[in-house]
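Chemist: What follows is a structure written as structure tokens; I'll ask about it next.
Rule-based calculations on the coordinates, nothing more; no lab input. None of these values were measured; they are calculated from a predicted model. Every residue, glycine as well, gets a Cβ built from its backbone with ideal geometry; the counts of neighbours run over all protein chains shown.
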Amino acid sequence: MLYRDIPKFIIKRNMQKSAQTGIYFDYLVTDSVMGQICVEVTGRRDYDVEFVENDYSDEFLDAKYNQGRLAILQYHNTASYISFSDEKCEGRNSGIQSVPTAFNRFYSNAHDDKQLYFYFLPCSGNNATPYYLFMYRLMKTAGFNFINIPPSLSGQITAFSSIDDIIRARKENGDRNSGNNATYIIKNAPHEYEIYGKTYGANKYDTSLICYAISKLAQPEDHIVLYEYNEKDLKELPAASLEVLNSMGNIEIIKIDDEIERRELEENDSLRSPRFNAHLLDRLGERHCVLCNCRISEIIQGAHIWPVSQIKHMNTLSLDEKLSYATDGENGLWMCQNHHKMFDSNILLLSQTGEVSYKQDLSDDDKDYINSITTVSILPQQLVTPSYVNYIGLRYSRASD
């Protein structure tokens, strides 16, 4: 990089859809915008600017359109990456979808003296929703500096303090809008975390950004696993995101793989299935016991309605059919460890209409204890689906075989 006495912006003029929309970056990044950025970043008001075409490349920009909606501001030996918001905030991710790309380019560059910024362009729509605030806080945690925070967000864009802090905020955001939960973060034990991240379409932006923030917060004793899952063709995060996460080095990345689960089903009467957990998260949302509403994540488990041990020994089913039943989200409920064990042992029983009961030959003390910890006497009706009824029937038709 050349030593520059005067701050200089180098900006790709073309965006991904400029040819279709007729909107180019030099229309959006005006003199007043660059002047404000220059003052905030360098303390100077004077600057040079060069809007370049797709075929331009240097140590910071590739010969492509403007990926990440980036401007590179060079001053002295410092390279400042400035990522810009979208001019529309009209749906989930639309205002921050370029952010992971900008972060990837920044993080992967070998230049020693570099900084990362985000600038809010004027936009249509609401960029101060709880979802967007959560995303901005992830960005702050990952290392973005914000140049011009809108009044509606003033004082709210603070970095998360821990992975548990992200989990709490994610849960609050998901409670407001369950459709926002493309990515789930699960705590299984102290310092043991799992991330279930979808990779298709806009979901990859959530997953990437959450992983970057978690990686920044991870402590040496933390063990973090990212399970990449999707039911569509795209099975992995973009290559650039995977490269960055591997470089960060503290998140293990596992692609949910049918072959691994098929082999485990062949070898065991139980199945620790990331796909089953992912399907339960999709269907039931954040983990909580269906029988007592316990929300202590470390002790919540996915309980099979039709047990894996019974599925495995159904000689009329192919291995692929067995795997499909064993990983079906309709074949499961979230339960705490106590209720899961009692359900697996047929101490607790569920009827086809969702009523909760227990074995009648229990002692009075045992019945009193079960009644004291079981606050639900009938399952919510939205859980009593035709599939649930079928699985309960299969469970008890096989239990005595």
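Chemist: Hey, rough spin-label estimate for residue 168 and residue 63, points 7 angstrom out along Cα→Cβ, what's it come to in nanometres?
Modeler: 5.1
Chemist: What net charge is computed for the residues neighbouring residue 341, neighbours being all others with C-beta under 14 Å from the C-beta of residue 341, Lys and Arg scored +1, Asp and Glu -1? Spell out each step's value before the answer.
Modeler: Values: positive: 359; negative: 344, 366.
Summing Lys and Arg as +1 and Asp and Glu as -1 gives -1.
Chemist: For the chain, what is the Kirkwood estimate of the hydrodynamic radius, computed as the reciprocal of the mean inverse distance between distinct Cα atoms, to one decimal in Å?
Modeler: Values: mean 1/r = 0.0420 Å⁻¹.
By the Kirkwood definition, the hydrodynamic radius is 23.8 Å.
Chemist: Which entries of 17/88; 255/341; 17/140; 17/64; 198/255 show an alpha-carbon separation above 21 angstrom in the structure shown?
Modeler: Over 21 Å apart, Cα to Cα: 255/341; 17/140.
Chemist: Based on the Cα atoms of the stretch 102-169, what semi-axes does the equivalent ellipsoid have, where each is the square root of 5 times one gyration tensor eigenvalue, given in whole Å with the largest first?
Modeler: 22, 17, 10
Chemist: Return the distance in nm (one decimal) between the two label points of a simple spin-label model at residue 337 and residue 19, each offset 7 Å from Cα along Cα→Cβ.
Modeler: 5.9
Chemist: Please work out the Kirkwood hydrodynamic radius for the stretch 164-255, using every pair of different C-alpha atoms, and report it in angstroms with one decimal place.
Modeler: 13.3
Chemist: Now for a different question. Taking the Cα atoms of the stretch 4-156, report the difference between the largest and smallest coordinate on each principal axis, in whole Å and largest first.
Modeler: 40, 36, 30
Chemist: Take every DSSP beta bridge with both residues inside the stretch 164-255 and express the antiparallel ones as a percent of the total, to the nearest 5.
Modeler: Taking every DSSP beta bridge with both residues in the stretch 164-255, the antiparallel ones total about 35 percent.
Chemist: Using a cut-off of 14 Å between beta-carbons, work out the net charge of the residues near residue 372 (Lys and Arg +1, Asp and Glu -1, residue 372 not included).
Modeler: -3
Chemist: Can you give me the angle between helix 274-284 and the longest principal axis of the chain, using Cα atoms only, in degrees from 0 to 90, rounded to the nearest 10?
Modeler: 90
Chemist: Would you mind putting 369-377, 318-326, 280-288 in packing order, based on average other-beta-carbon counts within 10 Å, highest first?
Modeler: In descending order of packing, they fall as 280-288, 318-326, 369-377.
Chemist: Sticking with this one: If you project the alpha carbons of the stretch 190-243 onto their three principal axes, what span does each projection cover, largest first, in Å?
Modeler: Principal-axis extents of the Cα atoms in the stretch 190-243, largest first: 35, 19, 16 Å.
Chemist: Whole-Å semi-axes of the stretch 276-401's equivalent ellipsoid, largest first, each the root of 5 times a Cα gyration tensor eigenvalue?
Modeler: After diagonalising the Cα gyration tensor, the semi-axes are 23, 18, 13 Å.
Chemist: Sorted by mean Cβ packing within 10 Å, highest first, what order do the peptides 138-147, 38-47, 189-198 take?
Modeler: In decreasing order of mean packing, 138-147, 38-47, 189-198 become 138-147, 189-198, 38-47.
Chemist: By the scheme Lys and Arg +1, Asp and Glu -1, what is the net charge of all other residues having a beta-carbon under 9 Å from that of residue 226? Don't jump to the answer; show the numbers that get you there.
Modeler: Details: positive: none; negative: 194, 228, 252.
Its environment carries a net charge of -3.
Chemist: Now a separate question. In the stretch 155-314, what is the volume of the convex hull around the alpha carbon atoms, normalised per residue and reported in Å³?
Modeler: Measuring per residue, one finds 143 Å³ for the Cα hull of the stretch 155-314.
Chemist: While we're looking at this one, here's another question. Take every DSSP beta bridge with both residues inside the stretch 4-156 and express the antiparallel ones as a percent of the total, to the nearest 5.
Modeler: 40
Chemist: Can you figure out the FRET efficiency of residue 363 with residue 385, using R₀ = 45 Å and their beta-carbon distance, to the nearest 0.05?
Modeler: 0.85
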